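Visitor: Please read through the structure below; I'll follow up with questions.
The values are calculated or read from the model by the stated rules, or taken from the named source; none is laboratory data. What you are looking at is a predicted structure, and each value in this text was computed from that prediction instead of being measured. Neighbour counts run over all protein chains shown; Cβ positions are idealised from the backbone, glycine included.
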Amino acid sequence: MSLNRAESPVREEEPKREWLLRCQDSRGHVSVCSISVGAGEMEMCGPDEAAFFRLHPWEVAAFRRAFDEAVVRVEADLASS
């Protein structure tokens, strides 16, 4: 007999605190990168933990701004090719 969703003890963590993203390692092989949040800090880890860094609360806004600007440049590059 299966339990309905409301009765199930198995639940996702709310709110979400970790995201796994497909990426490529330095050799071009498919890999996984992660972004996690805890205690007000953001951690990013590349394939095989080769590239790991942590952003403190006061650094997150600057990172977001730089990332958004980089996305705009990528979009412009793709539009012109």
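Visitor: List the pairs whose first member sits in the stretch 59-81 and is among the aliphatic types (A, V, I, L, M), whose second member is surrounded by 10 or more Cβ atoms within 10 Å (Cβ to Cβ), and whose Cβ atoms are under 7 Å apart, counting only residues at least 6 apart or on separate chains?
Guide: Matching pairs, first to second residue: V60/M42.
Visitor: Using the structure shown, decide if E69 is out of contact with any His (no Cβ under 6 Å at 6 or more places or on another chain), within 21 Å of K16 (Cα to Cα) and acidic (D, E).
Guide: No, not satisfied.
Visitor: So the check is Cβ under 7 Å with 6+ separation or different chains; which pairs have a first residue in the stretch 26-52 that's over 21 Å from K16 (Cβ atoms) and a second one that's at pLDDT 90 or above and among the small types (G, A, S)?
Guide: From residues that are over 21 Å from K16 (Cβ atoms), the pairs are P47/S31.
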